[in-house]
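Just so it is clear, none of the values below were taken in a lab; they were calculated from the coordinates. Computed from a predicted structure; not experimentally measured. Here the Cβ is made from the backbone with ideal geometry for all residues, glycine too, and neighbour counts use every protein chain on show.
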Amino acid sequence: MKKILIFGAFAAFGLTATSCCRQPEADNQNQLLLATAWYQQSAEMRACYYQAYRMAQMALDNNLSNYKGDKRPAVVLDIDETVLDNSPFEAGLIAANQSYSDSLWRVWTDRAEAAPLPGAAEFISYARQKGVDVFFISNRRDEERATTLQNLAAAGMPTDSAFLLTIAPGESSCKDSRREKVSETHEILLFVGDNMGDYSSLFDRRNASLALGLTDSLQADFGTRFIVLPNPMYGEWENAIYRAKGAKSRSEKNKTILERLKL
Ligand SMILES: [Mg+2]
């Protein structure tokens, strides 16, 4: 009930800011309902995360044993829906029939109470024990850094601020420049994320092909260089479907999804 009241209060202000990754949309209940239920309530979701982080550990061991360079080894993880679970935020949107906005997102991240995702804290500890530096490259913004560090610590994944790379004012959500910054001092042996853009900017702003062929062409990287986690609630995968048809309203988006589904 507390969450509904918070979201209801924001609805009254009519906040409509847009995000780098998310588009505001009215009446998103049907769109989010089953995806959020699966993410939050299914044993399958938990097993997927344990499986992915076990694979991450194996891939890191392998890449570390083959690494002969001079730079310090590193792993790069995304934060949202990779190490922290924001599904209560999505559930709050559903409960209050609210659309996504940066302002509502900020209310949620300010609370710094997102739970750790299964296997994440254990993997981070494992990597550090192996002498691997753990970086977080997130599309949270600079003004969210303090609460993000607080949340990571509360979730059992404390980190020094130097290992957290967020979006500076005027900077794009593309993670290339921040990956390059890490690569100046480190060899990145493994990436973990719920969005393909957490691995390569080739997957940012996908065209009508939805980057499906590109994914096939890079299949040897998955499970070895990039560990991908499931996020059916939101992501560039969804934006790409709408962008191809220029769908803006919820009804246009739903129509576009129906047109794209294979029969
Ligand atoms: Mg993410």
> Using Cα atoms only, what is the angle between the long axis of helix 29-41 and the major principal axis of the chain, expressed in degrees (0 to 90) to the nearest 10?
Replying inline: 40 degrees
> Which FRET efficiency, nearest 0.05, do Leu34 and Asn66 yield, Cβ-Cβ r, R0 51 Å?
Replying inline: 0.80
> Per-residue ellipticity at 222 nm for the chain, helices alone: DSSP H runs ≥ 4 residues times -39500 (n - 2.57), over residue total, nearest 500 deg cm²/dmol?
Replying inline: -14500 deg cm²/dmol
> Within the set Lys175/Lys262; Lys175/Lys255; Lys130/Lys181; Lys68/Lys130, which residue pairs have Cα atoms separated by over 26 Å?
Replying inline: Lys175/Lys262; Lys175/Lys255
> Placing +1 at every Lys and Arg Cβ and -1 at every Asp and Glu Cβ, with all other atoms neutral, what dipole size does the chain have around its Cα centre, in debye to the nearest 20?
Replying inline: 360 debye
>> Among Asn231, Ala59, Leu84, whose Cα projects farthest towards the positive end of the dipole of the chain, with charges put on the beta-carbon of Lys, Arg (+1) and Asp, Glu (-1)?
In response: Asn231
> What percent antiparallel are the DSSP beta bridges of the chain, to the nearest 5?
Replying inline: 10 percent
> With r defined as the distance between the Cβ atoms of Cys174 and Ser217 and R0 fixed at 25 Å, what FRET efficiency is calculated, to the nearest 0.05?
Replying inline: 0.75
